[in-house]
Each structure stands twice: as structure tokens, then as C-alpha cells.
Amino acid sequence: MPNKIMKRTTSLPSIEMKRYLEDHLPYRKSILDCWLNISSCQPPSEKVLRNCAFEAALIHCRVLLEFLGLASSQKPPLKLVQKHNYHSSDGVVHEVKISDLNGTFVELNELNDEEKYLLAKIYYTANKASAHLTYDSQHGLNSGDLERAIPIVFRLLKDHLH
């Protein structure tokens, strides 16, 4: 079993603490607030809606990559890897993978090097920037990366679901 680290190994610099309190946390709170506004028929701003759509697309891109049997290395240099195993914390598998729907897992050799790197970057960033609050993860993702990755994921779904 890996060691559980119960505290950061180094303190956040005060400038970063300020960024989290003034930027990162309000950004994430605005996404939650967007849902509350939508659910109570109060339209959020276009900027907040775009942020919500970006975060949702990024997370769901990661979900579908794992469904297709793909993941990213845990740290840079980023590398797309195959991940066919299932996660279970209680002895029961709750995940559904493409093979459970009579589809086939994606093989790495089906993708060119640029596609592999892009998909690894998407997966890694979804973990480091959306699913968790992290510091200095150096993901470097931008919205153009996500816009290029989504059609690749759609193609892989089409090619591998029979």
C-alpha cells in the first residue's frame, strides 16, 4: 500500500495562496453556482457557462478515454498508456468499459504521436486541474487542445463500438 501523505511537503507560497483564494476557489464556486442558477431558472453569465462547459467537456473526455482503455502517465513527460483494469474499492466493480458493451479497447498503434500526446495531456489535465485542486502541475492545456481532442475521442468511440 502506498504511503499516505497527510500534509504538503512544502507550503504554498503566499502569492499562490492568494491566487487560490481569489481565483481558483471562486472559479470552482462559480461553476457550482451556475448549476444552482440554472436549476432555479436564473441564467448565469456567458463566461460562467463557457467555464462550466469547458470543465464538463474536459472531465467527460477523460471519462471516455478511460472507457476506451486509455490513460496518461502519472507525471511528465506525459505518455498515453493503455488502462484495461477496473477500479474497485469495495470488491465490487462499478466501472463500465467499452469491452463490456462488446466493443474493443483502443490500441496505442492506432494513434499518431501527436494524437497520443494530446490525449495524454487531456487525461492528465482533467486529473490535475479539474478533478483536484493542484499546485504547479504544469499541464499547459488550453481550450484549443480540448477542441482538437474531442473529435479524436468521437472517432475512437465510433471505430470501437460495434
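The values are calculated or read from the model by the stated rules, or taken from the named source; none is laboratory data. Please read these numbers as outputs of a predicted model, since none were measured by experiment. Backbone-built Cβ (ideal geometry, glycine too); neighbour counts: all protein chains shown.
Would you please list the contacts, defined by Cβ atoms under 8 Å and residues six or more apart or on different chains, that run from a residue in the range 32-58 that is more than 21 Å from THR125 (Cα to Cα) to a residue that is among the aliphatic types (A, V, I, L, M)? That search, which allows pairs on different chains as well, returns ASP33/VAL48; CYS34/VAL48; CYS34/LEU49; PRO44/ILE38. Of the set (1) loosely packed, with under 10 Cβ neighbours inside 10 Å; (2) over 22 Å from SER130 (Cβ atoms); (3) at pLDDT 75 or above, all apply to GLU46 but (2). Just a yes or no: is a residue in the range 68-87 under 15 Å from the mean Cα position of the chain (by Cα), small (Gly, Ala, Ser) and part of a loop (DSSP other than H, G, I, E, B)? Yes, there is a match, as at least one residue in the range 68-87 is under 15 Å from the mean Cα position of the chain (by Cα), small (Gly, Ala, Ser) and part of a loop (DSSP other than H, G, I, E, B).
Of the residues ARG62, ARG28, which single one is assigned to a helix (DSSP H, G or I) and modelled with pLDDT of 90 or more?
Going through ARG62, ARG28 in turn, the sole match is ARG62.
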